[in-house]
Amino acid sequence: MNVEQILNQFQATGVETCFHDRHINPQIYAGLNGKNWGIQDYEVRGGYAALRKILGKDGSEGLTQDQVIATVKESGLRGRGGAGFPTGLKWSFMPRQFPGQKYLVCNSDEGEPGTCKDRDIMEYNPHTVIEGMIIAAYAMGISVGYNYIHGEIFHTYERFEAALEEARAAGYLGDNILGSSFSFQLHASHGFGAYICGEETALLESLEGKKGQPRFKPPFPASFGLYGKPTTINNTETFAAVPWIIRNGGQAYLECGKPNNGGTKIFSVSGDVERPGNYEVPMGTPFAKLLELAGGVRGGRKLKAVIPGGSSSPVIPADLMMKLTMDYDSIAKEGGSMLGSGAVIVMDETRCMVKALARLSYFYSHESCGQCTPCREGTGWLWRMVDRIEHGQGRASDIDMLDSVAGNIMGRTICALGDAAAMPVRGMLKHFRHEFVHLIEHKTSMVGVDATSVKTHG
Ligand SMILES: Cc1cc2nc3c(=O)[nH]c(=O)nc-3n(C[C@H](O)[C@H](O)[C@H](O)COP(=O)(O)O)c2cc1C
Ligand code: SF4
């Protein structure tokens, strides 16, 4: 199979995935039907009330920059792009008194396999992202922002542009917003589909018109970001959560979830479930409940394992996963994995873990930008080894070699793509080593049912 054929086999279908009533206490996806994305419908849903509140255009005194940041800190909102970094804390790093230009950037690159939440937010509720960005810009004293949108969802980019036009016409964007002294210009920009451009410094390079390759850090974007100026970058879902927090208060958001894990989170559930899609539920919702919302395991089969937070998060076996709750702390501390971007990939008993890892390893090898040797060479090495094990040509030494190559990538690269490629390997070996050993010894998968006979949803 050539590269083109491999990629085509895994093309996403791009279906609308958030219109169902199986969310729990939704804040971002509430009341969406695919048609009510425009500004008037957004205002009916309470849209732009948070902006009016901070600017004192609702009859109140308004909120100072410090008060906005304090509210976001109080909410326990953690970045939804993968690392879960506290958003209020990140905003407080911005040197507000810096005399020159500062920038705000929204990361809508969304290329992590399994993740498809941000595109639904931007397409069906774009104004919540715009309002969240305006509030963030106000809090950090920023006058220019960009939303960097994944290049393969051009219709989403066009929808976001249309929403920007509406916001400008309504006086929510531009000079002297709603008659205040605060001005903010916001623009959309689209990439061309490279996964690495989701890494924040590669994104900045791409936004500047250069090749999208990560920068060495430090310096971090808060001091040296877009065009070398102080820059704050957050994920689409992170910004989308902000208007609700300002309207309802930080404490109310925190109470929606768990301590240290405030609010709701959107989980993109895919794989062997009856109803794949995006599900917004409070942080701390049991995984078993999320699986039930997604219709349970497809065909009544037995759950085998779950990749809980996008393809870079280590796999968790079924019995452990069924005891966990969906929040950063439970998945990390009890599950030994990561909540990441919230892409939950469900695998049933028919799945061969060697085959699954071969697919993941191919992805990382393909997406490595090639700047650092451990990642450029190591990701290809991992893929070739798993591929030969899958095809019955594995050697007894391969398993230790896999572990060693993964260990030598981790922590030795410019960006976290290296770790993202290595962690799934170590997770699979930790929990499903016997499947690798069986395939090497018997030249055939120990999984009884041929996994390729099970229909996938892209
Ligand atoms: C290889 C790689 C790909 C990434 N892709 C994305 C992405 O598509 N979207 C995203 O928001 N963050 C992505 N991130 C994380 C960003 O670098 C950054 O941490 C995030 O945008 C910060 O936003 P947050 O604090 O709101 O989570 C990626 C990181 C790496 C290492
Ligand atoms: S870790 Fe990989 S993707 Fe990241 S900079 Fe190095 S080579 Fe590029």
### Percent antiparallel among DSSP beta bridges (both partners in the chain, rounded to 5)
45 percent
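Which value, in debye to the nearest 20, gives the size of the charge dipole of the chain about its Cα centre, when Lys and Arg are +1 and Asp and Glu are -1 at the Cβ? Display every interim value, and only then the final one.
Numbers: 45 positive and 49 negative charges, 138 e Å.
In debye, rounded to 20, the chain gives about 660.
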### Label-to-label distance, nm, for residues given as Met322 and Phe154 (7 Å Cα→Cβ offset)
4.7 nm
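Shape of region 191-345 from its Cα gyration tensor (a ≥ b ≥ c, root eigenvalues): rounded if a/c is under 1.5, otherwise prolate when a/b > b/c, or oblate?
Judged from the Cα gyration tensor, region 191-345 comes out prolate (a/c at least 1.5, a/b above b/c).
Given 0.36 nm per residue, what is the gain on full extension from Met446 to Ala83 after removing their alpha carbon distance, in nm?
Numbers: separation 363, 0.36 × 363 = 130.68 nm, distance 3.49 nm.
Between Met446 and Ala83, full extension yields 127.2 nm more.
Students often check this: by mean Cβ neighbours within 10 Å, which of 19-29, 78-88 ranks highest, and how do the rest follow?
Details: 19-29: 16.8, 78-88: 21.5.
Listed from highest to lowest mean packing, they are 78-88, 19-29.
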### Query
Can you work out ³J(HN,Hα) from phi for every residue in region 107-116, in order, using Karplus 6.51 cos²θ - 1.76 cosθ + 1.60 and θ = phi - 60°, giving whole Hz and x for Gly and Pro?
8, 10, 6, 5, x, 5, x, x, 8, 8
### Query
In nm, what is the difference between 0.36 nm times the number of residues separating Phe192 and Asn260 and their Cα-Cα distance?
20.9 nm
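Mind checking region 147-218 for GluC sites (Glu not before Pro) that DSSP puts in a loop (not H, G, I, E or B) and that have at most 14 other Cβ atoms within 10 Å?
Working: sites: Glu152, Glu158, Glu161, Glu165, Glu166, Glu199, Glu200, Glu205, Glu208; in loops: Glu152, Glu199, Glu208.
Filter output for region 147-218: Glu208.
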### Query
Counting only protein chains, not ligands or nucleic acids, how are Leu254, Leu439 ordered by accessible area (probe 1.4 Å), most first?
Leu254, Leu439
### Task
Using R₀ = 35 Å, calculate the FRET efficiency as 1/(1 + (r/R₀)^6) where r is the Cβ-Cβ separation of Ser181 and Glu334; round to 0.05.
0.10
### Heavy-atom accessible area per residue - the chain, 1.4 Å, Å²
40 Å²
### Summary
The long-range amide H neighbours of Thr325, using H built 1.01 Å from N in the peptide plane and a cut-off of under 5 Å, are Phe287
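Does region 314-456 come out rounded, prolate or oblate, given a ≥ b ≥ c as the square roots of the eigenvalues of its C-alpha gyration tensor, rounded meaning a/c under 1.5 and, failing that, prolate meaning a/b above b/c?
Taking the square roots of the gyration eigenvalues as a ≥ b ≥ c, region 314-456 is oblate.
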### Query
Roughly how big is region 205-268's charge dipole about its Cα centre, with Cβ charges of +1 (Lys, Arg) and -1 (Asp, Glu), in debye to the nearest 20?
180 debye
### Query
At a probe radius of 1.4 Å, what is the per-residue accessible area of Trp381, in Å² to the nearest 10?
120 Å²
### Task
Summarise the accessible area of the chain (1.4 Å probe, protein heavy atoms) by the percent that is carbon and sulfur.
52 percent
### Query
For region 16-167, with the dipole built from +1 on Lys and Arg beta-carbon atoms and -1 on Asp and Glu ones, taken about the Cα centre, which of Gly145, Pro113, Tyr124 lies farthest toward the positive end?
Gly145
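Just how large is the dipole of region 281-325 about the Cα centre, in debye to the nearest 20, putting +1 at every Lys and Arg Cβ and -1 at every Asp and Glu Cβ?
Numbers: 6 positive and 2 negative charges, 34 e Å.
It comes to approximately 160 debye.
Per residue and in cubic angstrom, what volume does the convex hull of the Cα atoms of the chain have? Present the calculation step by step, with values, prior to reporting the outcome.
Working: hull volume 59.2 nm³, N = 458.
In the chain, the Cα convex hull volume per residue is 129 Å³.
Can you show me the helix-derived [θ] at 222 nm for the chain, built from DSSP H runs with n ≥ 4 at -39,500 (n - 2.57) apiece and divided by the number of residues, rounded to the nearest 500.
Numbers: 17 runs with 187 residues, N = 458.
Helix contribution divided over all residues of the chain: -12500 deg cm²/dmol.
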### Message
Applying a 10 Å radius around every beta-carbon, put 324-335, 139-150 in order of their mean neighbour count, most first.
### Response
139-150, 324-335
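With a cap of 13 neighbouring Cβ atoms within 10 Å, and only residues DSSP puts in a loop, list the trypsin sites (Lys or Arg not before Pro) found in region 359-435.
Details: sites: Arg359, Arg376, Arg384, Arg388, Arg395, Arg412, Arg426, Lys430, Arg433; in loops: Arg395, Arg412.
The qualifying sites are Arg395.
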### Message
Could you tell me how far the Cα centroid of region 51-107 sits from the Cα centroid of region 16-49, in Å?
### Response
23 Å
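Residue separation times 0.36 nm, minus the C-alpha to C-alpha distance between Lys210 and Thr64: what's the value?
Values: separation 146, 0.36 × 146 = 52.56 nm, distance 3.69 nm.
This chain segment gains 48.9 nm when fully extended.
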### Message
7 Å from Cα along Cα→Cβ at both His20 and Gln251: what's the point-to-point distance in nm?
### Response
3.6 nm
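Among rounded, prolate and oblate, which fits region 38-114 when a ≥ b ≥ c are the square roots of the eigenvalues of its C-alpha gyration tensor, a/c under 1.5 means rounded, and a/b larger than b/c means prolate? If you can, show how the numbers build up before the last one.
Details: a/c = 1.74, a/b = 1.16, b/c = 1.50.
It comes out oblate by the Cα gyration axes.
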### Task
Specify which residue in the list Gly59, Ala30, Ala70 is farthest towards the positive end of the charge dipole of the chain, using unit charges on the beta carbon of Lys, Arg (+1) and Asp, Glu (-1), about the Cα centre.
Ala70
### Message
Of Ile440, Val273, Ser341, which is farthest towards the positive pole of the chain's charge dipole, taken about the Cα centre with +1 and -1 on the beta-carbons of Lys, Arg and Asp, Glu respectively?
### Response
Ile440
### Query
Using modelled amide H (1.01 Å from N, peptide plane; none on Pro or chain starts), what sits under 5 Å from the amide H of Lys265, excluding residues fewer than 5 places away?
Val281, Met283
### Query
Which residues does a label at Glu43 reach in region 171-199, if reach means a backbone N under 17 Å from a point 7 Å past the Cα toward the Cβ?
171-174, 177-180
#### Entry: Cα-projected label distance for Asn408 with Glu377, points at 7 Å along beta-carbon direction, nm
0.7 nm
### Message
Which log10 I(q)/I(0) values does region 95-193 give at q = 0.22 Å⁻¹ under the Debye formula, counting every alpha carbon as one identical point scatterer?
### Response
-1.11
### Query
Cα centroid distance between region 131-161 and region 209-227, in Å?
18 Å
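The values are calculated or read from the model by the stated rules, or taken from the named source; none is laboratory data. Owing to the predicted nature of the structure, the values given are computational and were not obtained by experimental measurement. Note that we place each Cβ from the backbone using ideal geometry, even for glycine, and neighbour counts take in every protein chain shown. For the accessible areas, the whole protein counts, side chains as well, though only heavy atoms, and no ligand, DNA or RNA atoms are used. Shrake-Rupley method; radii C 1.70, N 1.55, O 1.52, S 1.80 Å.
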